[in-house]
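Values in this text are rule-based calculations from the coordinates and carry no lab data. The model shown is predicted, which means the values in this text are computed figures rather than measured ones. FYI the Cβ positions are ideal-geometry reconstructions off the backbone, even for glycines, and counts take in every protein chain you see.
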Amino acid sequence: MTAETDTQTTTVYRVTGMTCGHCEGAVTGELAALPGVASVKAVAASGEVTVVSDAPLADEDVRAAVDEAGYEFAGRA
């Protein structure tokens, strides 16, 4: 899911392998480091990660960040 406003884009991604708060923190840290990202909220229980950014992010960039954190990018929710 992607929602755009005049100034920001909110996208929900699915990430598999997260089981706890540490996992959420690892994914959040990697995604927050991407250029233009304003906020990240990862929820291990649902496997969803909500990213607010200045512009839409390339799926390849999100996949690389999630991979770097040690989890699997499963696409957009």
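Here are the numbers for this structure:
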{"quantity": "Hits in region 3-24 (condition: surrounded by fewer than 14 Cβ atoms within 10 Å (Cβ to Cβ) and not hydrophobic (A, V, I, L, M, F, W, C))", "calculated": "GLU4, THR5, ASP6, THR7, THR16, THR19, GLY21, HIS22"}
{"quantity": "Every pair of residues 6+ apart whose Cβ atoms lie under 9 Å, when the first sits in region 9-31 and is without any contact (Cβ under 8 Å) to a residue 24 or more places away in the chain and on the phi < 0 side of the Ramachandran plot while the second is exposed (fewer than 15 other Cβ atoms within 10 Å of the Cβ) and among the aliphatic types (A, V, I, L, M)", "calculated": "GLU24/VAL43"}
{"quantity": "Lone qualifier among ALA44, ALA55, ALA33 - being within 11 Å of the chain's Cα centre (by Cα) and among the aliphatic types (A, V, I, L, M)", "calculated": "ALA33"}
{"quantity": "Residue ID - surrounded by the most Cβ atoms within 10 Å (Cβ to Cβ), chosen from residues in region 25-36 that are farther than 17 Å from ALA77 by Cβ and among the aliphatic types (A, V, I, L, M)", "calculated": "ALA26"}
{"quantity": "Unique residue being exposed (fewer than 14 other Cβ atoms within 10 Å of the Cβ) and either touching a helix residue (DSSP H, G or I) at 6+ places or on another chain (Cβ under 7 Å) or within 15 Å of ARG76 (Cα to Cα) (or both) when the list is SER46, SER39", "calculated": "SER46"}
